[in-house]
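Novice: Okay, handing you the structure first.
The values are calculated or read from the model by the stated rules, or taken from the named source; none is laboratory data. On a predicted model such as this, the values are computed, not experimentally measured, just so you know. Cβ atoms come from the backbone with ideal geometry, glycine included; neighbour counts cover every protein chain shown.
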Amino acid sequence: MTEHTPAPRLHADASERYCEELLLALRMQDVPGQRIGEVLGEVRDHLASSGEDPVEAFGAPRDYAAALTADPTADRSTGRRSARALEAARNAAGVAGLLWSVEGATALLTGRPAVVSEFQVLLPVAVAVAAPLLVDVVATARRAGALGWGLLVAAVLAAAATTRAWAGPLLEVPVPAAVLLVPGLLVAAAWIVATARAVDPVLDPLQGAASSRRRRRRASARLTALLLLLLVAPVVVSVGLQHLG
Amino acid sequence: MTPPDGSPDPWPAQWLRGVLDLAVLAVIARGQTYGYRIGNDLRELGVGTVKGGTLYPLLARLEETGAVSTTWREGESGPGRKWYEITPGGRDRLRQEGARWRTFARLTSDLTAAAAAAATSAPEPGAAPAPTRQSLDAGAQR
């Protein structure tokens, strides 16, 4: 048996580019992070040993991902669609929880009544519609993508809070702060916990179980911190603006 | 790829599809091994070139069904390497399916050998004429 030694740098680059695309394709097929780590490990080893062109050896990343997940006994596409729909509904509930909490907390801290507006209903629905598209970005597990999505949501919430503070909502029904704050916090907390628990990083197959658990916990903690920031930052901005006003 | 009988054509893909699981399992049964080496062994044995895109999903199915067990170890140069080993269940499967395959191969060999022998000998006087291509096709359509 011969193991090839092709132009190492060029070949390694092609291999890594292929692995990035394959990672995305496997995420789109809802393959667990641990299994993705194994698939990528085997592809890297095969390409390093054979010196073959990745597409020549494995086919297009999307086709290879489909071959790895082919299960003639299960209708995966139906399952995936309902999973995506459930995820969108969960995100909508989570964003509604965040909005109610922000409004309720701001009202409590500034001593004014909370206001139920069209905003608390429309934005979660908008997020639910956009979520299936954005989930694909988050699903690549590329930190930049996930962080970008988080920052986008934070920016939208901050901008909305600013607009509300200055221009006021179109419709407004004053309610005691607790009416929005309590259910809002419960829903937001449930969403944050569920989202953080669902974190599924790609794991290096050579890492032991303890190390993989640590990696998973770290990823969960990072996401929890990011989501808490989504809760706290708009409150701080909103209260600050109202004090200034 | 050239089959060991010297024929310039590779084995038809549909033949390989039927027997590749068994061939891979037989290679793994020879001793602990890994994906790239399994592909190389298959080629050297004359089974043919099996691309990674075919081999690794097949290995994953063998692992899922418990026919092989796997361990990850540090590779020689950088990436980790997944090693495959046949399990007792895999050996049973290889024994049973191997026996069935050999029976099937013998049956096919006998059938084609008899047909080849008949084709080389002249038809007996008064015997029914051999079916023409057209009548065979018509039969297949019925």
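Novice: Looking at A:A114, A:A89, can you tell me which residue is surrounded by 15 or more Cβ atoms within 10 Å (Cβ to Cβ) and at pLDDT 80 or above?
Specialist: A:A114
Novice: Sticking with this one: Which one is surrounded by the fewest Cβ atoms within 10 Å (Cβ to Cβ) among residues in region B:1-38 that are among the basic types (K, R) and modelled with pLDDT of 90 or more? I'd like the intermediate steps shown before the answer.
Specialist: Initially, region B:1-38 is screened for residues among the basic types (K, R), giving B:17, B:30, B:37.
Retained after the next criterion (residues that are modelled with pLDDT of 90 or more): B:30, B:37.
Details: B:R30: 10, B:R37: 18.
So the residue we want is B:R30.
Novice: List the helices (runs of 4 or more DSSP H) that sit entirely inside region A:1-62 and contain at least 1 residues that are more than 12 Å from chain B (Cβ to nearest Cβ) and modelled with pLDDT of 90 or more. Can you show your working first?
Specialist: Values: elements: A:8-28, A:33-50, A:54-58.
Once the helices (runs of 4 or more DSSP H) in region A:1-62 are filtered for at least 1 residues that are more than 12 Å from chain B (Cβ to nearest Cβ) and modelled with pLDDT of 90 or more, what remains is A:8-28, A:33-50.
Novice: Would a scan of region B:90-108 turn up a residue that is more than 15 Å from B:A23 (Cα to Cα), over 17 Å from the mean Cα position of the chain (by Cα) and of a type in the set (V, I, T)?
Specialist: no
Novice: Here's something else I'd like to know. Tell me, yes or no, whether region B:39-50 has at least one residue that is more than 12 Å from the chain's Cα centre (by Cα), within 14 Å of chain A (Cβ to nearest Cβ), surrounded by 18 or more Cβ atoms within 10 Å (Cβ to Cβ) and without any contact (Cβ under 8 Å) to a residue 12 or more places away in the chain.
Specialist: Looking through region B:39-50, at least one residue is more than 12 Å from the chain's Cα centre (by Cα), within 14 Å of chain A (Cβ to nearest Cβ), surrounded by 18 or more Cβ atoms within 10 Å (Cβ to Cβ) and without any contact (Cβ under 8 Å) to a residue 12 or more places away in the chain.
This table checks each residue for (1) in contact with an Asp or Glu (Cβ under 9 Å, 6 or more places away or on another chain); (2) at pLDDT below 90; (3) in a helix (DSSP H, G or I).
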residue: B:D41; (1), (2), (3): no, no, yes
residue: B:G46; (1), (2), (3): yes, no, no
residue: B:V50; (1), (2), (3): no, no, no
residue: B:A117; (1), (2), (3): no, yes, yes
residue: B:G126; (1), (2), (3): no, yes, no
residue: B:P129; (1), (2), (3): no, yes, no
residue: B:D137; (1), (2), (3): no, yes, yes
